[in-house]
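Working notes for the structure below.
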Amino acid sequence: MTIRFGLLGAGRIGKVHARAVAANPTARLAAVADAFEKAAKEISAAYGAEIRTIEAIEKAADIDAVIICTPTDTHADLIERFAKAGKAIFCEKPIDLDVKRVEKCLAVVAKAKATLMVGFNRRFDPHFAAVRKAIDDGAIGTVEMVTITSRDPGPPPLDYIARSGGIFRDMTIHDFDMARFLLGEEPVAVSAHASVLVDKKIGTAGDFDSVSVILETASGKQCVISNSRRATYGYDQRIEVHGSKGMIAAENQRPVSIELANEKGYTRPPLHDFFMTRYIDAYANEIAAFIASATAGKKVSPSGLDGLAALKLAEAALKSVKQGKTVRLDASR
């Protein structure tokens, strides 16, 4: 069976997902919709997708599933529309910037019995997934501490900062999901610190560019997250999990994994420059998992509830920064 996709949004992340769909032998990108005609035409020319309106895709009998890559403030409405239309839905994170709006959206999805997967692609990275498997196999015993480092090579445009919902909802939210994925327990306490060290204009826009977060579970497990909007050496993506019997880590990846040794010392090539190349395999695996959920009845993961949990952690982190104290999840709203 070939699953026929409609792509909503042909921007940067839309292009990434279009490539993943086109590379999957069980999928076909049938249609694309974007308010900017040039962006839609680029996708159409590259993959043979027909340019349609969102309304046409919603009503189309030849569309089985949609990938939502539109601006965040449209996500919840589109999820509800396509759930009612009987389409399987893959939506980029977050579902919305407001917890109550997400809860309302998920109620509509549940009522429609629709398939909804949220785009936390890092779960599907082969290296990070191997860490999770090692944990499941008992290789390091009981998980005690997790360390996640995620630093972008540079900040996004200021107009994006203004509508992103802030660094915790936009950037750290990936790490909140990864923390849940690796800890194996739900965090119950959040302590966050945030600064503006990269660009003062980001602070003027009401956001931060440098943050540190400590999550704690009921049993005392901890996760430390380090985020920055600047890494002069490339896209910095590392995780480490310490357990009762050992430690396992996933180091940074490079387009070419070689090491040169000479009289000047040891040198290696630069890191990937950003997520579009670092997570190519993760995006492909993510789409494959979504297809399996939509066509083979496999459990959806990450689900809408996973998206909600990560958003709650983001809200708690922001509250922690504002109040200057640790926030308990049951008291964070």
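The values are calculated or read from the model by the stated rules, or taken from the named source; none is laboratory data. Please read all numbers here as calculations on a predicted model, not as lab measurements. With ideal geometry, Cβ positions are generated from the backbone for all residues, glycine too; neighbour counts draw on all protein chains shown.
Here's the yes/no breakdown for (1) under 25 Å from ASN227 (Cβ atoms); (2) in contact with a Ser or Thr (Cβ under 9 Å, 6 or more places away or on another chain); (3) surrounded by fewer than 19 Cβ atoms within 10 Å (Cβ to Cβ):
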residue	(1), (2), (3)
THR267	no, no, yes
ALA294	no, yes, no
SER301	yes, yes, yes
ALA317	yes, yes, no
Revision key, fill the gap. Quick count over the stretch 51-78, residues being free of Cβ contacts under 8 Å to residues at least 60 places away in the same chain and under 25 Å from ASP170 (Cα atoms), is 5
Check your understanding: Exactly one of (1) modelled with pLDDT under 95; (2) among the hydroxyl-bearing types (Ser, Thr, Tyr); (3) over 27 Å from HIS75 (Cα atoms) is unmet by THR149. Its number?
Key -> (1)
Review point. So which residues in the stretch 300-333 are part of a loop (DSSP other than H, G, I, E, B) and either farther than 15 Å from PHE90 by Cβ or in contact with a Gly (Cβ under 9 Å, 6 or more places away or on another chain) (or both)?
Key: PRO302, GLY324, LYS325, THR326, SER332, ARG333
Exercise for review: Return the only residue of ILE13, ILE57 being closer than 22 Å to ILE95 by Cβ, part of a helix (DSSP H, G or I), more than 22 Å from the chain's Cα centre (by Cα) and assigned by TED's automatic domain parsing to the domain that holds ILE89.
Suggested key: ILE57
**Study point:** Single match in GLU263, GLU251 (criterion: under 29 Å from GLY138 (Cβ atoms), out of contact with any His (no Cβ under 6 Å at 6 or more places or on another chain) and not aliphatic (A, V, I, L, M))
**Key:** GLU251
**Study point:** Residue count for the stretch 76-101, restricted to those that are out of contact with any Asp or Glu (no Cβ under 6 Å at 6 or more places or on another chain), surrounded by 22 or more Cβ atoms within 10 Å (Cβ to Cβ) and part of a helix (DSSP H, G or I)
**Key:** 3
Practice item. Can you confirm whether the stretch 136-144 contains a residue that is in contact with a Phe, Trp or Tyr (Cβ under 9 Å, 6 or more places away or on another chain), over 21 Å from CYS91 (Cβ atoms) and buried (at least 21 other Cβ atoms within 10 Å of the Cβ)? Key: no
Exercise for review: Go over the candidates VAL256, VAL190 one by one and state the one that is within 24 Å of the chain's Cα centre (by Cα) and either in the same structural domain as GLY141 (by TED's automatic domain parsing) or outside any strand (DSSP E or B) (or both).
Suggested key: VAL190
Exercise for review: Can you confirm whether the stretch 180-201 contains a residue that is hydroxyl-bearing (Ser, Thr, Tyr), touching a residue at least 60 places away in the same chain (Cβ under 8 Å), surrounded by fewer than 22 Cβ atoms within 10 Å (Cβ to Cβ) and closer than 18 Å to SER320 by Cβ?
Suggested key: yes
Revision key, fill the gap. Filtering the stretch 9-50 down to residues that are hydroxyl-bearing (Ser, Thr, Tyr) and free of Cβ contacts under 8 Å to residues at least 40 places away in the same chain yields SER44, TYR47
Check your understanding: Quick one: which of ASP152, ASP159, ASP136 is over 21 Å from the mean Cα position of the chain (by Cα) and in the same structural domain as CYS223 (by TED's automatic domain parsing)?
Key -> ASP136
